[in-house]
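A short write-up of the structure that comes next.
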């Protein structure tokens, strides 16, 4: 299985090269040359399989140049926690993706990447530098996934003042090989700095550069696992299945679409957006226009130029009607998000984080279509304790603070403050990431 650039289908590389480079030399994102489906018998047999067995079944369709025993070992090291499906009603379930070490869905991709890259890097002489732009949870998941990995250093770029306090503490309180860049700008500014670095010839001569953002195809592969696992745990498999996905950089939605192309029976997807609604405008107008990201309480979704739109348009062969047929979208503001958090708790006794609440609100809007035989799964992407500073006041006392988050709050923040200026960022990278940057 080789991988091509979304900017040039004739530019093809191995899985290892796609993984380690992150971004194609022409600035495109890597995609598998084929999305090979699981046969009907395999799909029917999913309920009898464990989460790890499902993951191995799916991963083999993308990674066929690795010994199967080694791939199984990587999966077993990655998936050490569950993604339970919680049924709220006949028409709605919640897929909890926050049971990993940093309490966010990004743990699946970050741990998978760290284990893969450690395996491929073990005999390399050039230092590997992972650069990650984060609007919240990606950075902490990557930091903890790669913490202490030999021969690998990680640079996390996050927008100053635009992540929650707990997220920032998770990002900035590790040492060893983890370096946090606090950027005076937006997530999109952080992402631009990372993309420019990947295309910089001077840096590429000195280091092997890669990404753990969802621009890296290997971040999306493990995210397909939990879509299949959710279907396997669904009580009634004869209904029309819909997934409501909180969207920022659109990696999670892209993974779901890839799963559907592999044979997962999905009726359609809902792209749940906060007020950063460039994708909804794209669906309605037929033209995409990037805009500066706006700050919201669902901050991991504050993206005005989502990278993975390139993959979505590629999957649907740049045919807007096909995209509209497979993806519906709704935009939710902060007031509505807070209302939903309260409403869901009052109705079901279930506490959602702001991102899951956006997914729920989008489901609620879609329910006005009154379709029959539909069951929607809302992706709950992070633990509500990570967002105490924006949760509705009456509910903050209902949030149980996990021990790991409480420990992070007591640690000293260490960050490298920079402007959204590539020349200054390049200079730091070129001169090397070392401990003295954090003092």
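Please indicate, with yes or no, whether at least one residue in region 47-61 is touching a helix residue (DSSP H, G or I) at 6+ places or on another chain (Cβ under 6 Å), in a loop (DSSP other than H, G, I, E, B), modelled with pLDDT of 95 or more and surrounded by 15 or more Cβ atoms within 10 Å (Cβ to Cβ).
no
What's the total number of residues in region 362-390 that are crowded, with 24+ Cβ neighbours inside 10 Å and under 25 Å from residue 165 (Cα atoms)?
Residues that pass the stated criteria total 8.
Can you find, within region 327-340, the residue that is farthest from residue 259 (Cα to Cα) among those that are in contact (Cβ under 8 Å) with a residue 40 or more places away in the chain and in contact with a helix residue (DSSP H, G or I) (Cβ under 7 Å, 6 or more places away or on another chain)?
Applying the first criterion (in contact (Cβ under 8 Å) with a residue 40 or more places away in the chain) to region 327-340 yields 327-334, 337-338.
Cutting the leftovers down to in contact with a helix residue (DSSP H, G or I) (Cβ under 7 Å, 6 or more places away or on another chain) gives us 328-332, 337.
Numbers: 328: 17, 329: 19, 330: 22, 331: 24, 332: 26, 337: 28 Å.
Among them, the one singled out is 337.
Of the conditions (1) in contact with a helix residue (DSSP H, G or I) (Cβ under 7 Å, 6 or more places away or on another chain); (2) over 19 Å from residue 308 (Cβ atoms); (3) at pLDDT below 90; (4) not in a strand (DSSP E or B), residue 139 clears all except one; give me its number.
In the conditions (1) in contact with a helix residue (DSSP H, G or I) (Cβ under 7 Å, 6 or more places away or on another chain); (2) over 19 Å from residue 308 (Cβ atoms); (3) at pLDDT below 90; (4) not in a strand (DSSP E or B), residue 139 misses (2) alone.
Please indicate, with yes or no, whether at least one residue in region 291-302 is within 24 Å of residue 8 (Cβ to Cβ), modelled with pLDDT under 95 and within 18 Å of the chain's Cα centre (by Cα).
First, the residues of region 291-302 that are within 24 Å of residue 8 (Cβ to Cβ): none.
No, region 291-302 contains no residue that is within 24 Å of residue 8 (Cβ to Cβ), modelled with pLDDT under 95 and within 18 Å of the chain's Cα centre (by Cα).
Go through region 306-335 and give me each residue that's in contact with a strand residue (DSSP E or B) (Cβ under 9 Å, 6 or more places away or on another chain), part of a loop (DSSP other than H, G, I, E, B) and under 15 Å from residue 280 (Cβ atoms).
Passing the criteria: only 332.
Limited to region 230-279, what total is found for residues that are within 22 Å of residue 298 (Cα to Cα) and assigned to a helix (DSSP H, G or I)?
8
Just for region 84-111: of the residues that are out of contact with any strand residue (DSSP E or B) (no Cβ under 8 Å at 6 or more places or on another chain) and outside any loop (DSSP other than H, G, I, E, B), which one is surrounded by the fewest Cβ atoms within 10 Å (Cβ to Cβ)?
Only one residue tops the list, namely 89.
All but one of (1) more than 18 Å from the chain's Cα centre (by Cα); (2) without any contact (Cβ under 8 Å) to a residue 40 or more places away in the chain; (3) crowded, with 20+ Cβ neighbours inside 10 Å hold for residue 123; which doesn't?
Failed condition: (3).
Listed here are the residues, each with its yes/no results for (1) touching a helix residue (DSSP H, G or I) at 6+ places or on another chain (Cβ under 9 Å); (2) in a loop (DSSP other than H, G, I, E, B); (3) on the phi > 0 side of the Ramachandran plot.
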| position | (1), (2), (3) |
| --- | --- |
| 342 | yes, no, no |
| 347 | no, no, no |
| 364 | yes, no, no |
| 368 | no, no, no |
| 371 | no, yes, no |
| 379 | yes, no, no |
| 386 | yes, no, no |
| 390 | yes, yes, no |
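Look through region 371-389, keep the residues that are modelled with pLDDT of 90 or more and more than 18 Å from the chain's Cα centre (by Cα), and return whichever of them is nearest to residue 350 (Cα to Cα).
The residue in question is 385.
If you scan region 142-194, which residues turn out to be part of a loop (DSSP other than H, G, I, E, B) and in contact with a helix residue (DSSP H, G or I) (Cβ under 8 Å, 6 or more places away or on another chain)?
149, 150, 151, 162, 163, 164, 173, 174, 175, 177
If residue 281 passes every condition in (1) closer than 28 Å to residue 387 by Cβ; (2) surrounded by 18 or more Cβ atoms within 10 Å (Cβ to Cβ); (3) modelled with pLDDT of 95 or more but one, which one does it miss?
Of the numbered conditions (1) closer than 28 Å to residue 387 by Cβ; (2) surrounded by 18 or more Cβ atoms within 10 Å (Cβ to Cβ); (3) modelled with pLDDT of 95 or more, the odd one out for residue 281 is (2).
The values are calculated or read from the model by the stated rules, or taken from the named source; none is laboratory data. In this text, all values refer to a predicted model and were calculated from it rather than measured experimentally. So basically every Cβ, Gly included, is an ideal-geometry build from the backbone, and we count neighbours across all protein chains shown.
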